[in-house]
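Read the figures in this text as sums done on the coordinates, not as results from a lab. Only a predicted model underlies this, so the values are computations on that prediction, with no experimental measurement involved. Glycine gets a Cβ as well: all are built from the backbone with ideal geometry, and neighbour counts include every protein chain shown.
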Amino acid sequence: MNVQEYLLQCKVKSVSRLTDKQVCNYFNNENVGERQSDAAQFAINMAGRTMFGEKISKSKVMASLRKSMTTGRMFSIHFVEREGVYSADELPLKGDYGWVYEP
């Protein structure tokens, strides 16, 4: 089901009006590919927990999931360390490491 159909089903006019639970349900069902669904499930389940010394932010996860629904871009979450990038321009963080939420 595409996003517009899902919004109709939920009886809301925009993604921003969906509850967190409705957003999670969209990514749990067969609305997105398996890889994207797995990434969303991981992020949702780990939100608020700390991994690699960095907390996964629930608000950032939900904002990124909503942005994915709005833009049609694939959701992903990954951990980045300064050593793993070629230049400082590629590091979307203020520190040396952290979680990156896309889009």
Quiz item: With respect to residue 25, is the statement that it is out of contact with any Phe, Trp or Tyr (no Cβ under 6 Å at 6 or more places or on another chain), surrounded by 13 or more Cβ atoms within 10 Å (Cβ to Cβ), without any contact (Cβ under 8 Å) to a residue 12 or more places away in the chain and not aliphatic (A, V, I, L, M) true?
Solution: yes
Exercise. Could you tell me which of the residues 16, 37, 68, 57 is exposed (fewer than 14 other Cβ atoms within 10 Å of the Cβ), at negative phi and small (Gly, Ala, Ser)?
Key: 16
Quiz item: Would you pick out the residues in the stretch 1-27 that are assigned to a helix (DSSP H, G or I) and small (Gly, Ala, Ser)?
Solution: 16
